[in-house]
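To start, the structure under review is shown below, and the notes come after it.
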Amino acid sequence: MKNYYRIMLGQKSKYAEEAHNGNFIGAGWLPDIDLTNKLPDNWREFNKKYIPVYLKQNPDKTKVSAGLACGMLHTITKGILNGDIVLCPNGKGSYFIGEVAGDYEYQKDAAQPHRRAVHWFPHIVARDAMSELLRNSTGSIGTVSNISKYEDEIESFISGSRPPSIVATDETIEDPSIFALERHLEDFLVQNWHHTELGKHYDIYEEDGEKVGQQYPSDTGLIDILAISKDKKELLVVELKKGRVSDVVVGQVQRYMGYVQDELAENNQKVRGVIIAFEDDIKIHRALSVAPNIDFFTYKIHFKLEKKK
């Protein structure tokens, strides 16, 4: 089955034109290591081997940073398959679209030595032409983002036809209208984090001045927001209910917390969780009554129209 990815080609897309002209996508982590014949199918196995290497080469980095870098490196070099589609921002408000056409290659001394060949389509897609949900997903923080849920819209760009309306389908979603609202809430929280109650005590995880804590990858899915306490002693997993069944979201945040505890937390760091929902939920209260390390928040929206004379 074909998958679709948003790939950032360097910070602020600094290598996008070079990659487009050279027909490749690439990554620059662990630049001195040729990964030919060293790429296991399982990214956890890859991370287990190369996170210590990354940390040795970058002693100022944390396990969170190392996990993100190695996970994305494996995705680009091995996880993305031939025939998968990539969207790459060009740094000018548009996106290149291409089909991955080759296995891993190592280009020594290149800025992005870990490469995959790509056949770029002639269409360059303006960000404004995308649906709002696709714009939000392609604009997420981080180098790699799986955007396969927008397959129909992306294929319409490739074929040159008009993009269809995008409707989220997920059997765990109870209320599609709340789901749509909370897709926007995630971006709002990130943009206004310091004005929220959580922002008083936690910062969204950053790497080199960029927020990388939004949609942080784990082996059971993408964490909505990964934050760290201002004293660096606690990692916080924030999950939005997104209209889903209560038991699903509680189980999800617990799985994410387990991943963060096992793979990312330093020896002196604790892990807490937060669930945020549109309205109070007795099922969540019951579940969290035996999970004291997870908090439950609801949010309110104030909307007012003022007639101008």
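The values are calculated or read from the model by the stated rules, or taken from the named source; none is laboratory data. Owing to the predicted nature of the structure, the values given are computational and were not obtained by experimental measurement. Cβ: placed from backbone, ideal geometry, glycine included. Neighbour counts: every protein chain shown.
What residue, of Val190, Val237, Val248, is under 24 Å from Ile284 (Cα atoms) and touching an Asp or Glu at 6+ places or on another chain (Cβ under 9 Å)? Before the answer, list the steps.
Numbers: Val190 fails: touching an Asp or Glu at 6+ places or on another chain (Cβ under 9 Å); Val248 fails: touching an Asp or Glu at 6+ places or on another chain (Cβ under 9 Å).
Val237 is the lone residue from the list that is under 24 Å from Ile284 (Cα atoms) and touching an Asp or Glu at 6+ places or on another chain (Cβ under 9 Å).
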Only unsatisfied item for Glu263, checking (1) under 22 Å from Gly213 (Cβ atoms); (2) surrounded by fewer than 18 Cβ atoms within 10 Å (Cβ to Cβ); (3) of a type in the set (D, E, K, R), is (2)
Restricting the search to the stretch 197-254, which residues are touching a His at 6+ places or on another chain (Cβ under 9 Å) and either among the β-branched types (Val, Ile, Thr) or in a helix (DSSP H, G or I) (or both)? Lys200
Within the stretch 112-144, track down each residue that is in a strand (DSSP E or B), modelled with pLDDT of 85 or more and touching a Phe, Trp or Tyr at 6+ places or on another chain (Cβ under 9 Å). His114, Arg115, Arg116, Ala117, Val118, Trp120, Phe121, Ile124, Val125, Ala126, Val144
Collect the residues in the stretch 167-192 that are surrounded by fewer than 16 Cβ atoms within 10 Å (Cβ to Cβ) and at pLDDT below 55, keeping them in residue-number order. Val167, Ala168, Thr169, Asp170, Glu171, Thr172, Glu174, Asp175, Pro176, Ser177
Given (1) under 26 Å from Arg135 (Cβ atoms); (2) surrounded by 13 or more Cβ atoms within 10 Å (Cβ to Cβ); (3) in contact (Cβ under 8 Å) with a residue 40 or more places away in the chain, identify the lone condition not met by Leu81. (2)
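So, restricting to helices (runs of 4 or more DSSP H) that lie completely within the stretch 1-89, which ones have at least 3 residues that are among the basic types (Lys, Arg), at negative phi and out of contact with any Cys (no Cβ under 7 Å at 6 or more places or on another chain)?
In the stretch 1-89, the matching helices (runs of 4 or more DSSP H) lie at 43-57.
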Count - residues of the stretch 262-287 that are in contact with a strand residue (DSSP E or B) (Cβ under 9 Å, 6 or more places away or on another chain) and free of Cβ contacts under 8 Å to residues at least 24 places away in the same chain: 3
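On the basis of being within 16 Å of Asp41 (Cα to Cα) and in a loop (DSSP other than H, G, I, E, B), does Asp109 make the cut? Before you say what the answer is, go through the steps one by one.
Working: within 16 Å of Asp41 (Cα to Cα): no; in a loop (DSSP other than H, G, I, E, B): yes.
No, not satisfied.
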Which pairs have Cβ atoms under 6 Å, sit 6 or more apart or on different chains, and link a residue in the stretch 42-54 that is closer than 10 Å to Gly71 by Cα to one that is of a type in the set (Asp, Glu)? Arg44/Asp219
Report yes if Gly93 is in contact with a helix residue (DSSP H, G or I) (Cβ under 8 Å, 6 or more places away or on another chain), surrounded by 14 or more Cβ atoms within 10 Å (Cβ to Cβ), under 23 Å from Glu210 (Cβ atoms) and small (Gly, Ala, Ser), otherwise no. no
Just name the residue that is modelled with the highest pLDDT out of those in the stretch 20-49 that are basic (Lys, Arg) and within 22 Å of the chain's Cα centre (by Cα). Lys48
